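Student: The structure that follows is given in the form of structure tokens.
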Amino acid sequence: MNKNKFSSVFVLSDCVIKYFSSYKHFQAELFAYQLNLPMLPKLLDYTEPYWIKMEKITGIPYLDELKNFQPALLAETIANFHWATLQNDKCLCHIDNAPKNILFCQGKYYFIDFAESEFAYPEKDITHLLLFWAADFPGEFFRSSVTLFLNIYLSILQLNSERWMTSLQENICLFDNRRKNFGKHSGKQPIAIQSANRKWLAELEELINS
């Protein structure tokens, strides 16, 4: 069983059952799974407002084995996820897109844990995702991975450079505060490399507007 402040998760042999103490988080999660999108586990059953039963994805967190890391495939999957609900430049955003909530399974990426999901600009989701890469990837690998990722994403869905900068600044504060408050490690790379990676993310206006 996995437990946090708002939910308890029971992983069974053929399914996952998540119990909620927050109705807001129950609603957010149920909405996402009711979309029946291919990159999300299938919704099997639920009882409002208590629990949701979903398909078990027997994958691994996507950054656990970098030999399987496919930024182009991930970009395509996230862009299609955003495109499915896009309205007036906003879409359903995963928000809690930590590596543990993106699973790689049989050549596909799956997204789990939508308790914090919300409708927002996609720049909010993308910049938050890339801050995990900035913390853990060495500079050259980081830049090549992000460039490939964004080229594929932008071929499907456009981003806005002004919203990119606003989202990046907001997410850096959120990212750092969460790691401090929850006592999580600051990243695999030295602080100097993490700072350089973040600075590079703030200089992508030309690529985003291309």
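Student: Filter the range 54-99 for residues that are surrounded by fewer than 18 Cβ atoms within 10 Å (Cβ to Cβ) and in a strand (DSSP E or B) and give the result.
Tutor: Within the range 54-99, Glu55, Ile60, Pro61, Gln87, Lys90 meet the criteria.
Student: Another question, then. Restricting the search to the range 110-131, which residues are among the aromatic types (Phe, Trp, Tyr) and within 17 Å of Leu73 (Cβ to Cβ)? Talk me through it step by step, then tell me what you get.
Tutor: Our first condition is that a residue be among the aromatic types (Phe, Trp, Tyr); within the range 110-131, this holds for 110-111, 114, 119, 121.
Tyr110, Phe111 - these are the residues of the range 110-131 that are among the aromatic types (Phe, Trp, Tyr) and within 17 Å of Leu73 (Cβ to Cβ).
Student: Return the pairs, sorted by first residue and then second, in which the second residue is in a strand (DSSP E or B) and open to solvent by less than 70 Å² (accessible area, probe 1.4 Å), the first residue lies in the range 40-62 and is closer than 15 Å to Lys100 by Cα and of a type in the set (Lys, Arg), the beta carbons are less than 8 Å apart, and the residues are 6+ apart or on different chains.
Tutor: Lys56/Cys15; Lys56/Val16
Student: Sticking with this structure for a sec: Would you confirm whether or not the range 54-76 contains a residue that is more than 18 Å from the chain's Cα centre (by Cα) and farther than 30 Å from Lys188 by Cβ?
Tutor: Yes; the residues of the range 54-76 include at least one that is more than 18 Å from the chain's Cα centre (by Cα) and farther than 30 Å from Lys188 by Cβ.
Student: Right, next: Take His128 and decide whether it is in contact with a helix residue (DSSP H, G or I) (Cβ under 8 Å, 6 or more places away or on another chain) and free of Cβ contacts under 8 Å to residues at least 24 places away in the same chain. Walk me through it before giving the result.
Tutor: Working: in contact with a helix residue (DSSP H, G or I) (Cβ under 8 Å, 6 or more places away or on another chain): yes; free of Cβ contacts under 8 Å to residues at least 24 places away in the same chain: no.
No, not satisfied.
Student: While we're here: Of the conditions (1) without any contact (Cβ under 8 Å) to a residue 12 or more places away in the chain; (2) charged (D, E, K, R); (3) farther than 15 Å from Asn197 by Cα, Glu170 satisfies every one except a single condition; which number is it?
Tutor: Evaluating Glu170 over (1) without any contact (Cβ under 8 Å) to a residue 12 or more places away in the chain; (2) charged (D, E, K, R); (3) farther than 15 Å from Asn197 by Cα leaves (1) as the failure.
Student: Which ones in the range 166-192 are assigned to a helix (DSSP H, G or I) and open to solvent by 60 Å² or more (accessible area, probe 1.4 Å)? Before the answer, list the steps.
Tutor: Of all residues in the range 166-192, those assigned to a helix (DSSP H, G or I) come to 166-181, 191-192.
Within the range 166-192, Thr166, Gln169, Glu170, Cys173, Leu174, Asp176, Asn177, Arg178, Lys180, Asn181, Ile191, Ala192 meet the criteria.
The values are calculated or read from the model by the stated rules, or taken from the named source; none is laboratory data. All figures in this text were calculated on a predicted structure; none of them were measured in a lab. We place every Cβ from the backbone using ideal geometry, glycine too, and count neighbours over all the protein chains shown. These area figures cover heavy atoms from the full protein model, side chains too; ligands, DNA and RNA do not enter into them. Shrake-Rupley method; radii C 1.70, N 1.55, O 1.52, S 1.80 Å.
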